[in-house]
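> Quick one: structure below, then a few questions.
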Amino acid sequence: MVVGVCRIELRIPQTHSLKAKRQVLRKIKDRVKNKFNVSIAEVGENDKWQRSLVGLALVGNDRRQINSTLDVVTNFIENLNAAEIINSELEIFNY
């Protein structure tokens with residue numbers, strides 16, 4: 001079993017309230033869930049208007065496939081132009 005975990009730090013400059021931030025994050029999360037078979041959630045920076053930390057998780061059998069899928073998801077989020085990716089970290093665990 002292989003588990004891939006990705007942390008993506010986002011900057012959302014156009015938001016000026018938590019409500020606006022959550023609308024942008026809902027859009028990102030919904031589109032990622034509909035297009036890819038990954039788990040996604042906001043995992044940090046919950047009370048900051050223009051920042052967010054999003055976590056992604058994927059389980060499978062092939063390390064290369066998991067790495068590739070998480071890279072594609074990261075590029076997909078960046079291409080949505082809803083938020084700017086400041087930093088991303090990817091870890092893959094073998095069990």
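> Take R51, R7, R26 and order them by how many other Cβ atoms sit within 10 Å, fewest up front.
R26, R7, R51
> Please list, or write none, the lysines whose alpha carbon is within less than 19 Å of the alpha carbon of K35, excluding same-chain residues fewer than 8 places away.
The qualifying lysines are K27.
> Taking only the alpha-carbon atoms of the chain, what semi-axes of the equivalent ellipsoid follow from 5 times the gyration tensor eigenvalues under a square root, in whole Å, largest first?
One finds semi-axes of 25, 12, 11 Å for the chain.
Here, each number is a calculation from the coordinates, and none is a lab measurement. A quick note: this is a predicted structure, and the numbers were derived from the prediction, not measured. Using ideal geometry, Cβ is built from the backbone for each residue, glycine included, and neighbour counts are taken over all protein chains shown.
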